[in-house]
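The values are calculated or read from the model by the stated rules, or taken from the named source; none is laboratory data. Because the structure is predicted, anything quoted here is derived from the model rather than measured. When we count neighbours, we look across all protein chains shown, and the Cβ atoms used for this are built from the backbone with ideal geometry, even at glycine.
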Amino acid sequence: MHEEFLADCTNILGHDFVITKASDQYPYLMDWRQRYLGKALAVLLPTSADEVANLVRLCATHKIACVPQGGNTGLVLGSIPDQTGQTVVISLKRMNRVLAVDVANNTITVEAGCLLAQVQAAASEEQRLFPLSLASEGSCTIGGNLSTNAGGTAVLRYGNTRELCLGLEVVTAQGDIWDGLRGLRKDNTGYDLRDLFIGAEGTLGIITAAVLKLFPQPRSQITAFAALDSADNALDLLKQCQQALGPTLTAFELISDFSLQLVLKHFPQLQHPFKRSHPYYALVEMSDHESENHAIALMEQVLEQAINDGLAADAVCAASIGQSRSLWKLREHISEAQAKEGKNIKHDISIPASQIPHFIQITDAELTAAFPGCQIVCFGHMGDGNLHYNVSAPAGSSDTEFILQQTGINRIVHDQVHQFKGSISAEHGLGMLKRDEIRRYKSGLELSMMRAIKMALDPQNIMNPGKVL
Ligand code: FAD
């Protein structure tokens, strides 16, 4: 039935880049967390915007839906096709060229399939910084980062991916190429189409290239770890860091003691930074443009003040890049440590940073009352108001049975988030995973405006259907 379509795809791409064999398709159809295996008519691997446009035109003619895919590291089933087997995956991974670096304009122009780490390296070669930083940076692509409006560890200073993008090239649902590859910091000429495609999770068009912002490289980066007796103290320390470090504060991460203990259990080569445990820790990073000595002096001053004021019970400041890496590893290994411990129920939520201690107190109490013994793995980008507030089974009980309580647990956490005027997806998007849940929290008006945009740009509903809306 689809022979003609597949033959036309082969004419555009060549035989090697139209994958129809199930075993070869597998890496494109299995989600990162190995929870869901989709099916596809074919996986298509174009190498230029023209090829993407030709493929989308074919999809439109044959009314075949397409799922854009970058590194397939997304966490909400946005990049995986459904199980009908009637859609195609369009993977951008062969479109991975750095097209230009404009040092004076502080911009880099790249194809959408460039790995994030590749863009960071290309910027660094020109003594510039591309500040987006995620644990998946060796596998995720710029197209995926833009389409999910990815966050990561430097949002506090540099913003989300949206704030790092000046221009886009996009293949529309009709197969036209919109050339919006402008490197302008000022452009008030009507509706911001670029911002519509950013964060759209591939439901409005396929991003094929982007102009991204670069920044001067800092002279030094200093990392510190502070032990805290409460989340309230973490908030006060955040305020103190903001005041004392100003724009040099690049990260402020909260780590609960339970999260740290999981890391130390599953990665015994890592060391506890303190002699004894404390309820919470903050990982603080600053990037300084003066000198290393200046940065260390400033950070030490902040930590000393925090200890004198009773905000921090203890603190260490990394004395070398190696020590700094070790401190970051304690933060970066939390997700992996959780996975090793067993299944858990994940939440990627945001609320105003000022409300985080109150939110933790109320939600912890509600959860433990409803699900006695449940263990809360609370950590995240506190400076951005973003917590990964995950819940795992009581010690010694079955995680498989516990996971069956997901709906009840989500209800408590997400309802609380809503009370705090927060978001149930701070970083990862909606994909298929949170598509139904969001209907509970967004107003009818907001959802209908989103549907109107989708209808206007993709009236045939061929761009990643069943995701987001
Ligand atoms: P994919 O997973 O391939 O796709 C994601 C979505 O974007 C899908 O809806 C897909 O259809 C769409 N898409 C992909 N490419 C295009 C394109 N060119 N045009 C249009 N649509 C497209 N996320 C964070 O925000 N912060 C983190 O700190 C973070 N840490 C992570 C750590 C790990 C270990 C892992 C596995 C994931 C993490 N993520 C994080 C999630 C994920 O890495 C990001 O969402 C990332 O931006 C996805 O990029 P990708 O290229 O893998 O996109």
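Residues of the stretch 96-116 being acidic (Asp, Glu) and either closer than 25 Å to residue 18 by Cα or within 12 Å of the ligand (Cβ to nearest atom) (or both), which ones?
Taking the stretch 96-116 first, the residues acidic (Asp, Glu) are 102, 111.
Of everything in the stretch 96-116, just one residue is acidic (Asp, Glu) and either closer than 25 Å to residue 18 by Cα or within 12 Å of the ligand (Cβ to nearest atom) (or both), namely 111.
Mind counting the residues in the stretch 347-402 that are of a type outside the set (A, V, I, L, M), outside any strand (DSSP E or B) and either free of Cβ contacts under 8 Å to residues at least 24 places away in the same chain or at negative phi (or both)? It would help to see each step written out before you state the result.
Initial filter on the stretch 347-402 (of a type outside the set (A, V, I, L, M)): 347-348, 350, 352, 354-355, 357-359, 361, 363-364, 366, 368, 371-375, 378-381, 383-386, 388-390, 392, 394, 396-402.
Those still in the list that are outside any strand (DSSP E or B) too: 347, 352, 354-355, 357-359, 361, 363-364, 366, 368, 371-374, 383-385, 394, 396-402.
Within this subset, residues satisfying the condition of being either free of Cβ contacts under 8 Å to residues at least 24 places away in the same chain or at negative phi (or both) are 347, 352, 354-355, 357-359, 361, 363-364, 366, 368, 371-372, 374, 383-384, 394, 396-402.
Going through the stretch 347-402 one residue at a time, the tally reaches 25.
Take residue 226 and tell me if it is farther than 30 Å from residue 278 by Cβ and among the hydrophobic types (A, V, I, L, M, F, W, C).
Values: farther than 30 Å from residue 278 by Cβ: no; among the hydrophobic types (A, V, I, L, M, F, W, C): yes.
It is false that residue 226 is farther than 30 Å from residue 278 by Cβ and among the hydrophobic types (A, V, I, L, M, F, W, C).
Table: residues versus (1) crowded, with 17+ Cβ neighbours inside 10 Å; (2) over 30 Å from residue 297 (Cβ atoms); (3) in contact with a His (Cβ under 6 Å, 6 or more places away or on another chain); (4) modelled with pLDDT under 95.
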| position | (1), (2), (3), (4) |
| --- | --- |
| 198 | yes, yes, no, no |
| 203 | yes, yes, no, no |
| 222 | yes, no, no, yes |
| 225 | yes, no, no, no |
| 235 | yes, no, no, no |
| 240 | yes, no, no, no |
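Quick one: what pairs do we get from the stretch 98-117, first residue farther than 16 Å from residue 139 by Cα and without any contact (Cβ under 8 Å) to a residue 60 or more places away in the chain, second polar (S, T, N, Q) and assigned to a strand (DSSP E or B), C-beta under 7 Å, 6+ apart or different chains?
Within 7 Å, the pairs are 100/109.
Could you go through the stretch 115-134 and let me know if any residue there is in a strand (DSSP E or B) and farther than 30 Å from residue 330 by Cβ.
no
Can we say residue 267 is modelled with pLDDT of 95 or more, of a type outside the set (Val, Ile, Thr) and touching a helix residue (DSSP H, G or I) at 6+ places or on another chain (Cβ under 7 Å)?
So residue 267 fits the description; yes.
In the stretch 152-210, what residues are away from the ligand (no atom under 11 Å from the Cβ) and either under 18 Å from the mean Cα position of the chain (by Cα) or of a type in the set (Phe, Trp, Tyr) (or both)?
Result: 156, 157, 158, 159, 162, 163, 164, 165, 178, 191, 195, 196.
What is the one condition in (1) near the ligand (Cβ under 8 Å from one of its atoms); (2) crowded, with 23+ Cβ neighbours inside 10 Å that residue 136 does not satisfy?
Condition (2) is where residue 136 drops out.
Only one of (1) under 27 Å from residue 250 (Cβ atoms); (2) not in a helix (DSSP H, G or I); (3) not hydrophobic (A, V, I, L, M, F, W, C) is not met by residue 162, so which one is it?
Residue 162 satisfies all of (1) under 27 Å from residue 250 (Cβ atoms); (2) not in a helix (DSSP H, G or I); (3) not hydrophobic (A, V, I, L, M, F, W, C) except (2).
Can you tell me how many residues within the stretch 245-287 are buried (at least 21 other Cβ atoms within 10 Å of the Cβ) and of a type in the set (Asp, Glu)?
Looking only at that region, the number is 2.
Scan the stretch 211-225 residue by residue and report those that are in contact with a helix residue (DSSP H, G or I) (Cβ under 6 Å, 6 or more places away or on another chain) and either part of a strand (DSSP E or B) or within 13 Å of the ligand (Cβ to nearest atom) (or both).
212, 213, 220, 222, 223, 224, 225
Quick check on this structure: which one of 63, 93 is under 19 Å from the mean Cα position of the chain (by Cα), more than 8 Å from the ligand (Cβ to nearest atom) and under 22 Å from residue 52 (Cα atoms)?
Numbers: 63 fails: under 19 Å from the mean Cα position of the chain (by Cα).
From the options 63, 93, the qualifying one is 93.
What number of residues within the stretch 448-465 satisfy the criterion of being in a helix (DSSP H, G or I) and out of contact with any helix residue (DSSP H, G or I) (no Cβ under 7 Å at 6 or more places or on another chain)? I'd like the intermediate steps shown before the answer.
First, the residues of the stretch 448-465 that are in a helix (DSSP H, G or I): 448-457.
Within this subset, residues satisfying the condition of being out of contact with any helix residue (DSSP H, G or I) (no Cβ under 7 Å at 6 or more places or on another chain) are 448-452, 454-457.
Qualifying residue count for the region: 9.
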